[in-house]
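See below for the structure under consideration.
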Amino acid sequence: MYSRFIHTAAAGLLMLSAFACGKQLPDGSAEAPISFRSGVAVKALLDTEGLKGETIVVNDMHVAADGTTMLYMSDVPLEYKDAGWTATPPCYWTKGGLHRFAAYIKGQQVSYRQEDEALVSEEITLTADDQPDLLYAFAVRDLDTSTEPHAPVVLDFRHALAAIRLTITNMKEDIGELKVSGYRLQNIVTGASFSVTAADADAAEYTMQPASDGYTANHDVTIPLNGSLTLYADAGGVGTDGSLLAWPQEVNGGSSPVTLVLTAESGQIRIPLSTSSVSRWYAGRRYNYDINLSDDYIRVTATVHPWDIRDVIID
């Protein structure tokens, strides 16, 4: 049976780890520090450094052989060092039992709820200039069955939001240059919160708030004839690729579909974004819209790209 208490003769360093990783060590220390590395480390708003410049916050629920549980790491910040993340002072592996980790990025309005081992957000209102990266990860390590019990824990971060990219191609020969002074996404839900548990990391629950006027950007752009422009690419802090973060939601909202409204010299141009292939935005996916404006028609096509491709990996 595992003992949940450390002996009074424990070394000073071990006492420091107990302070950082919980008030008690469940069964003594294995004298191997717990370290982490990111698997899927792609931020929603493209960043070639991935998560390298971020601070990861980790919680760890330890489960002993008799089923006793104890929060072993409580909101412990990790810093990127030597191609991985570690705590200062270090946290040490126990000699046995199960560790269930829940991680998020510091400062992204997410917290840990101990009673059901869930990561939850407060209500967050997204705007064109307020684009928080809502990333979360869960991991499990069974020290009694793992072949490499003290290897770094891999945190595969998931995205709680969707990313929308809007590329406009101007083929309107009747006006030539298309001068736009502002644009808005109407009928889009901008305020919501979410929660997700370690038991079902694939099923985040969202509490949506009533739709507001949506995203609005007052920004003068000119799209030359037969030229293209990615909206939001240079308006606010929304990423160099022009992605705009959005809560998962219905796009084809019946009589109130999500609509892009361009304010141009020639008048407003309304462009519904529901297509035959995309009627809903899901978390963890990128939606690239190509919008062709001509004298006779507006053509909208959308392609969907998952975030689970490992195009940015930090080992």
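What follows is calculated from the coordinates using simple rules that are stated; it is not laboratory data. Remember, it's a predicted structure, so these values are computed and weren't measured experimentally. Because the Cβ atoms are built from the backbone with ideal geometry, glycine has one as well, and the counts that use them run over all protein chains shown.
Here's how it looks for LYS172: its modeled amide H is under 5 Å from those of ASN226, which are all 5 or more places away or on a different chain. Coupling constants for the range 272-277 follow from the phi torsions by the Karplus curve (6.51 cos²θ - 1.76 cosθ + 1.60, θ = phi - 60°), and in residue order they are x, 9, 6, 10, 5, 9 Hz; glycine and proline get x.
Remark on ILE34: its backbone amide H falls under 5 Å from those of CYS91, TYR92, TRP93, a criterion applied only to residues 5 or more positions apart or on other chains, H modelled at 1.01 Å from N.
If a/c stays under 1.5 just call it rounded; otherwise compare a/b with b/c (prolate if a/b is bigger, oblate if not). Do that for the range 162-306, with a ≥ b ≥ c from the square roots of the Cα gyration tensor eigenvalues. Prolate, since a/c reaches 1.5 and a/b exceeds b/c.
What order do you get for ASP116, ASP156 when you list them from fewest to most C-beta neighbours inside 10 Å? Show your work: numbers first, answer last.
Working: ASP116 10, ASP156 15.
Listing ASP116, ASP156 from fewest to most nearby Cβ atoms yields ASP116, ASP156.
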